[in-house]
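Below is one structure; the comments refer to it alone.
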Amino acid sequence: MNASEKLATELSLKFSDSVLTQQQTADEVATFWVDKTEIIPVLNYLKKQSAEPFPLLYDLFAIDERSRADHKTHPSKDFTVVYHLLSFTRNQFIRLKIALGGEYPSAQSITHLWPSASWYEREVYDMFGIRFEGHPHLQRILMPLTWQGHPLRKEHPARATEMGPFKLWDEKVDTEQAALEFKPEQWGLQRHSDDADFMFLNIGPQHPGTHGVLRIILQLDGENIIDAVPDIGFHHRGAEKMGERQSWHTYIPYTDRIDYLGGVMNNLAYLLAVEKLAGIEVPDRVKVVRVMMCEFFRIASHLVWYGTFAQDLGQLSPVFYMFTDREKIFDIVEAVTGGRMHPNWFRIGGVAQDLPKGWDKLVAEFIAYFPKRLKEYHNMVMRNSIFKARTVGIGIYTLEEAIEWGVTGPGLRACGFDWDMRKKQPYSGYENFEFEVPTAQNGDCYDRALVREQEMIQSLRIIEQCLKNMPEGPYKSDNPHSTPPLKKNTMQDIETLINHFLNVSWGPVIPKGEAMSCIEATKGWNSYYMVSDGNTSPYRSRIRTPSFPHMQMLPYITKGYTVADLLSILGSMDYVLADIDR
């Protein structure tokens, strides 16, 4: 009995067939349709009562099913809400679905089970108009409060050209400005205490410490933070909506712009899901090439975080040194792919072209050069007394709190938990590499920095193994979903010509189904949940990013600290605004 069968047996003993119905999916994640009136008992059992619980709410999102090609045979006729949970003891995901009917349906809020559900439910409301009964503050989160409509519903236009010209008249300016005014009472915040008047301070949306257009409203008693309200969405570009109007192939470069410091890692998370749907097995050489490029981008992203974190806390020199070393990585990336920050080089079933001659010399030179630089940075930053004073014991959270709020990646490992998706649920051949999973114990700003610093050393180990053990073979799969017939063969028969023409012009037709990937990205766990109804474009593309739940936790971990500490906490979080807003 495999893990999914074991879980199905456990749930069937606890709940009747009228409550749970199992569904088979391309990614083989245990998937169950749940009666919407029973979703709270089922979730409560999985989190608190099961012998091997599912303590992490990994993702929560919705699907508009009304335009689906297989609409009549599908369990949900109007909308579906999907819950992804993870059990660490089982090392297993579970996917629960509830079917909702009607034009603007509602479901029960699960914020009393997971505080991290708050932002996810607000996003579903914002994008689909689905209400969650019992939510403490159900309002828009990514779109402006004045926005008309719900963008991820199928009737909402996907392009600005479908919406008519934008006009900004005086009354609209007044309306928009009024909507931006922060009203503490709406968030349950007091303007006064028994002995003090609280001040409300905007940090951002234009502030160097927020590293992008992020607004944080602080409730202050002097310099001390009483509460905080993050205001996100300024970077929202409709990345998931774009996925529904692009072909499976042309969506690849859009993924680059999510965690724009992670480069090809965004491509990999997306392509792994597509390849599961299409049943594509990539060659060994492709796996190793992808791993090598991903680890280069992990180092490049960590260097940006490292330098800017030190800069936030008063050190100016490190950022210049570290950006110089990042350029050395980009020189290698450019030599291999032709691009730098956004190479758009990974493809469905492979990569765009084989490694060029001389790639090994460039990689070997960097492997020899970089370790001594990391030692210099450790002495320059991590041993600096001011840096320590501003990070040790600041922004602490426990392992239990991290799991409750959906923290993943270095933030989780800084609490002493050695959970790395490359080890626990290996993908792209990571199981063939030797590397350690760095951890720390205190869960503070300093330990989060320490983990990332050590991760760069391990990434270098992985890259060195790629250099020494690069397998021979093709750089792409021969699966027809990823590789059109050879051009010379198109002149031999009409079927081959048609096949080639359709693959190049429309892109592949991916079989019906759904699949989720999950990778250890630079900032935590990144995944794409792709739904195909047998067309040339995804029916639904869901992007789960690590920065979204991390930012949601900010109010919880800043209370009691000072405004100066806020910048330490933000810097140690290592988020990207486009990763939050998509």
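The values are calculated or read from the model by the stated rules, or taken from the named source; none is laboratory data. Since the structure is predicted, the reported quantities are computational estimates derived from the model, not experimental observations. We place every Cβ from the backbone using ideal geometry, glycine too, and count neighbours over all the protein chains shown.
When segment 293-318 is filtered for residues that are part of a helix (DSSP H, G or I) and either over 15 Å from Arg452 (Cβ atoms) or without any contact (Cβ under 8 Å) to a residue 60 or more places away in the chain (or both), the ones remaining, listed by number, are Met293, Cys294, Phe296, Ala300, Val304, Gly307, Gln311, Ser317. Annotation note: of Ile141, Ile130, Ile94, the sole residue that is outside the structural domain of Ser547 (by TED's automatic domain parsing), surrounded by 19 or more Cβ atoms within 10 Å (Cβ to Cβ), more than 28 Å from Asp231 (Cα to Cα) and not charged (D, E, K, R) is Ile94. Restricting attention to segment 50-64, does a residue exist that is on the phi < 0 side of the Ramachandran plot, free of Cβ contacts under 8 Å to residues at least 24 places away in the same chain and among the small types (Gly, Ala, Ser)? So far as segment 50-64 goes, yes, one or more of its residues are on the phi < 0 side of the Ramachandran plot, free of Cβ contacts under 8 Å to residues at least 24 places away in the same chain and among the small types (Gly, Ala, Ser).
Could you please find all residues in segment 5-20 being surrounded by 14 or more Cβ atoms within 10 Å (Cβ to Cβ) and either part of a loop (DSSP other than H, G, I, E, B) or touching a residue at least 40 places away in the same chain (Cβ under 8 Å) (or both)? Matches in segment 5-20: Leu7, Glu10, Phe15, Val19. Condition (residue is assigned by TED's automatic domain parsing to the domain that holds Val392, part of a loop (DSSP other than H, G, I, E, B) and within 28 Å of Ala364 (Cβ to Cβ)) applied to segment 502-518: is it met by at least one residue? No; the residues of segment 502-518 include none that is assigned by TED's automatic domain parsing to the domain that holds Val392, part of a loop (DSSP other than H, G, I, E, B) and within 28 Å of Ala364 (Cβ to Cβ). Look at (1) crowded, with 18+ Cβ neighbours inside 10 Å; (2) in contact with a Pro (Cβ under 6 Å, 6 or more places away or on another chain) and you find that Met163 fails only one, number (1).
Per the listing Arg298, Arg285, the residue uniquely modelled with pLDDT of 90 or more and within 21 Å of the chain's Cα centre (by Cα) is Arg298. For Gly102, the conditions (1) without any contact (Cβ under 8 Å) to a residue 40 or more places away in the chain; (2) of a type outside the set (Asp, Glu); (3) touching a Lys or Arg at 6+ places or on another chain (Cβ under 9 Å) are fulfilled apart from (3).
Checked against (1) under 30 Å from Lys154 (Cβ atoms); (2) surrounded by fewer than 16 Cβ atoms within 10 Å (Cβ to Cβ), Glu52 meets all criteria but (1). Can you spot a residue in segment 509-522 that is acidic (Asp, Glu), surrounded by 24 or more Cβ atoms within 10 Å (Cβ to Cβ) and touching a strand residue (DSSP E or B) at 6+ places or on another chain (Cβ under 7 Å)? Yes. Taking segment 525-582 as the region of interest, none of the helices (runs of 4 or more DSSP H) fully inside it holds 1 or more residues being in the same structural domain as Thr111 (by TED's automatic domain parsing), at pLDDT below 95 and over 17 Å from the mean Cα position of the chain (by Cα). Considering (1) within 22 Å of the chain's Cα centre (by Cα); (2) β-branched (Val, Ile, Thr); (3) assigned to a helix (DSSP H, G or I), the lone condition that Val407 does not fulfil carries the number (3). The set of residues from segment 344-385 being assigned to a loop (DSSP other than H, G, I, E, B) and not β-branched (Val, Ile, Thr) comprises Asn344, Trp345, Gly349, Ala352, Gln353, Asp354, Leu355, Pro356, Lys357, Gly358, Arg383, Asn384.
A residue that is within 16 Å of Phe93 (Cβ to Cβ), within 25 Å of the chain's Cα centre (by Cα) and in contact (Cβ under 8 Å) with a residue 12 or more places away in the chain cannot be found anywhere in segment 494-511. The residue list Ser18, Ser50 contains one member that is assigned by TED's automatic domain parsing to the domain that holds Glu123, among the polar types (S, T, N, Q) and modelled with pLDDT under 85, which is Ser18.
Looking only at residues of segment 416-448 that are touching a residue at least 60 places away in the same chain (Cβ under 8 Å) and among the small types (Gly, Ala, Ser), we find that the one that is surrounded by the most Cβ atoms within 10 Å (Cβ to Cβ) is Ser428. Within segment 363-385, the only residue that satisfies the criterion of being of a type in the set (Asp, Glu) and closer than 18 Å to Phe296 by Cα is Glu365.
On the given criteria, is Val34 in contact with an Asp or Glu (Cβ under 6 Å, 6 or more places away or on another chain), closer than 17 Å to Val82 by Cα and among the β-branched types (Val, Ile, Thr)? No. Of all residues in segment 389-411, those that are in contact (Cβ under 8 Å) with a residue 60 or more places away in the chain and out of contact with any Cys (no Cβ under 6 Å at 6 or more places or on another chain) total 13.
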